[in-house]
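What follows is a set of notes on a single structure, which appears directly below.
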């Protein structure tokens, strides 16, 4: 599933092209892609037609386009969702789910989704209670590591109060958003922390160090256009990211740790996999 860097790549690609544009026709080609819009397809199309996109915003893995009437078009990419700006006269892909035209533009905006876990809906924009304006469906999502308004002290304090493992803390989108399996494993490798180290066992200095590694790895991924393991994650022009070539932990089972030369292992974690170096990231001792 795309994480913060991949969604930010999409946001940056969309923003200069769609901001200020007025939506023309809106065509839903598969009802599942707007299932979160409870009022139905006709209302979804009517709510967008003639509305001006004022910018493209993101929090964590959620992307939205505020509109001039105080609502927003919210996009959740899910596992395979793509927001594309195909070149003029390009044929429609077989997984095109929603087509939106932009007045005065030579390109349309397409929502493409092969596995159908993502979707679009229109939502009211509200105050999140912490000085931000977000769609109501995103209000429970915490600020992310690249948000300049992230309250670092609050995040560190809350993480260090938890008995659950540090990776579980990082994946909790109500604690800090945008981090998924890939970047959690990479940041923990850089910080030399085992994923099962309890949050409350971290010193504040370790927490600060981990947060900086999270920011560093995400900034590097952004510079490479994100991480693509297959054709399901692409930017708005259909191009893949290249950060998978720079991964040190995630997906590197059996490869030698770039730091110590020990083979990276893959372990079961929360119905998924976790990758670590068994020497650099030693399992925490059991406590009574």
Which order, highest average first, do 16-22, 76-82, 65-71 follow once you tally other Cβ atoms within 10 Å for each residue and take the mean per peptide?
-> 76-82, 65-71, 16-22
Gyration tensor (alpha-carbon) shape descriptor, the range 237-288, a/c threshold 1.5 | oblate
List the extent of the Cα atoms of the chain along each of their three principal axes, largest first, rounded to whole Å.
-> 61, 40, 29
Extension gain residue 200-residue 43, at 0.36 nm per residue separation less the Cα-Cα distance, in nm?
-> 51.8 nm
Subtract the Cα-Cα distance of residue 224 and residue 116 from 0.36 nm times their separation in residues, and report this length gain in nm to one decimal.
-> 36.2 nm
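Take the Cα gyration tensor of the range 138-288, multiply each eigenvalue by 5, square-root it, and list the three semi-axes largest first, rounded to whole angstrom.
On the way: eigenvalues 113, 91, 34 Å².
Three semi-axes, in Å: 24, 21, 13.
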For the Cα atoms of the chain, what angle does the longest principal axis make with the long axis of helix 181-191, in degrees from 0 to 90, nearest 10?
-> 40 degrees
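For a Förster distance of 41 Å, can you work out the FRET efficiency between the beta-carbons of residue 19 and residue 262, rounded to the nearest 0.05?
The computed FRET efficiency comes out at 0.30.
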At 7 Å along the Cα-to-beta-carbon direction for both residue 272 and residue 253, put a label point, then send me their distance in nm to one decimal.
-> 1.5 nm
Report the extension gain between residue 237 and residue 89 in nm, rounded to one decimal, defined as 0.36 nm multiplied by the number of residues separating them, less their alpha carbon distance.
-> 51.9 nm
For residue 279 paired with residue 151, estimate the spin-label separation in nm (one decimal), with each label point 7 Å from Cα along the Cα-to-Cβ line.
-> 4.3 nm
Once you sort the root eigenvalues of the Cα gyration tensor of the range 4-138 as a ≥ b ≥ c, which label holds: rounded (a/c under 1.5), prolate (a/b larger than b/c) or oblate (the other case)?
-> rounded
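Laboratory data are not the source of any read-out in this text; all were calculated from the coordinates shown. A quick note: this is a predicted structure, and the numbers were derived from the prediction, not measured. When we count neighbours, we look across all protein chains shown, and the Cβ atoms used for this are built from the backbone with ideal geometry, even at glycine.
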